[in-house]
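A short worksheet on the structure shown next.
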Amino acid sequence: MLYQSAEIIHVDPISILTYGNRLLITDGHHRAYQALLTGQDTISAEFDKDGGDEIYHLYAQACEERKIYSVWDLKHHILPQDEYAAKWYNWCDGFNQAATLLLKRKADEADQANR
């Protein structure tokens, strides 16, 4: 889900992580999409220092299930700003709750297996 802005002047680098043999955008989907729309074929990026690799891998799996493999695949997910904000934050909250439960269960199972 994205909203479209008419301006792109100077943008901060996007944040990325390695996911398999690909790069995963962890922050900056809007900036990357806007850059593509304005004809830019490169954008500054930096590796995400926040960690959380495992949860981002779950995000990547959710994108793959929705057939989102690149920034261009977001073109059918552009929404007005107010609708975007409500839907995005609602989706993130639900996903994060489910992912937290899943990761806790995996950690509990690993803990029991190591006893």
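What follows draws every value from the coordinates through simple rules; no lab data is involved. The structure presented is a predicted model; accordingly, all values stated were derived computationally and were not measured. Counting neighbours? That spans all protein chains shown, and the Cβs are built from the backbone with ideal geometry, glycine included.
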Check your understanding: Once amide H atoms are built 1.01 Å from N in the peptide plane, which residues 5 or more positions from I78, or in another chain, come under 5 Å H to H?
Key -> L2
Review point. Could you name the lysines in cross-link range of K87, using Cα to Cα under 19 Å and dropping any fewer than eight places away on the same chain?
Key: K67, K75
Point to revise | Antiparallel content of DSSP bridges confined to the chain, in %, to 5 | key: 55 percent
Check your understanding: Can you give the relative contact order of the chain as a percent, counting alpha carbon pairs under 8 Å and 6+ residues apart?
Key -> 30 percent
Exercise for review: Work out the FRET efficiency for K106 and L37 from their Cβ-Cβ distance, taking R0 = 35 Å, and round it to the nearest 0.05.
Suggested key: 0.35
**Study point:** Using θ = phi - 60° and Karplus 6.51 cos²θ - 1.76 cosθ + 1.60, couplings along the stretch 99-111 (whole Hz; Gly, Pro as x)
**Key:** 5, 4, 4, 5, 5, 5, 5, 4, 5, 5, 5, 5, 4
Check your understanding: Using a ≥ b ≥ c from the Cα gyration tensor of the stretch 51-115 (square roots of the eigenvalues), is it rounded, prolate or oblate, where a/c under 1.5 gives rounded and otherwise the larger of a/b and b/c decides, a/b for prolate?
Key -> prolate
Study note, to complete from the structure: Note: Y89 to A113 extended length (0.36 nm per residue) minus current alpha-carbon separation gives 5.1 nm
Review point. With labels modelled as points extended 7 Å from the Cα through the Cβ direction, what inter-label distance (nm, one decimal) is found for S44 paired with K67?
Key: 3.6 nm
Review point. Taking amide H positions as placed 1.01 Å from N in the peptide plane, with prolines and chain starts having none, which residues 5 or more places from A45, or on another chain, fall under 5 Å of its amide H?
Key: I14
